[in-house]
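The values are calculated or read from the model by the stated rules, or taken from the named source; none is laboratory data. Worth saying up front: this structure is predicted, and the values here are computed from it rather than measured. Reconstructed Cβ throughout: ideal geometry from the backbone, glycine too, with neighbour counts over all protein chains shown.
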Amino acid sequence: MTNGFLLLYIIGINIAEWVLMGIDKQRAVKHQWRIPEKTLWIGALIGGAAGGLAGMYIFRHKTRHFSFKLGMPLLFFIHLYLIIQWKG
């Protein structure tokens with residue numbers, strides 16, 4: 001896996017996760033069908049934790065859920081650590 005591909009993947013998955021958080025917040029406000037939390041967690045787990053964390057605070061979404069308040073930052077730091085280790 002090249003550095004360029006990894007960078008594009010990280011940017012893309014984080015944008016996608018951020019967008020999903022925004023869509024889910026809009027749907028919550030309008031009392032519409034929601035994106036399952038499982039989907040949000042999968043996106044975060046496969047590299048989108050930074051986007052999920054940004055979405056949480058920009059859209060003020062899922063900030064009352066303990067699992068999100070603890071899990072998203074934890075995943076973000078795990079991803080950051082793995083990237084640093086991979087680059088080193």
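Can you spot a residue in region 58-65 that is over 10 Å from the mean Cα position of the chain (by Cα) and aromatic (F, W, Y)? Reasoning before the result, please.
So the first thing to find is which residues in region 58-65 are over 10 Å from the mean Cα position of the chain (by Cα), and the list is 58-65.
This time we only want the ones that are aromatic (F, W, Y), so: 59.
Checking region 58-65: at least one residue is over 10 Å from the mean Cα position of the chain (by Cα) and aromatic (F, W, Y).
When K69, K25 are screened for being more than 25 Å from L6 (Cβ to Cβ), among the charged types (D, E, K, R) and at pLDDT 95 or above, only K25 passes. For region 43-62, give me the residue count where each residue is part of a helix (DSSP H, G or I) and either hydroxyl-bearing (S, T, Y) or more than 14 Å from N14 (Cβ to Cβ) (or both). So the count comes out to 1.
Evaluated against (1) assigned to a loop (DSSP other than H, G, I, E, B); (2) on the phi < 0 side of the Ramachandran plot, D24 falls short on exactly one condition, (1). With respect to K30, determine if the residue is over 16 Å from F76 (Cβ atoms) and touching a residue at least 12 places away in the same chain (Cβ under 8 Å). No.
Of the residues making up region 48-88, those that are surrounded by 18 or more Cβ atoms within 10 Å (Cβ to Cβ) and not small (G, A, S) are L53, M56, F59, H61, K62, F68, M72, L75, F76, H79.
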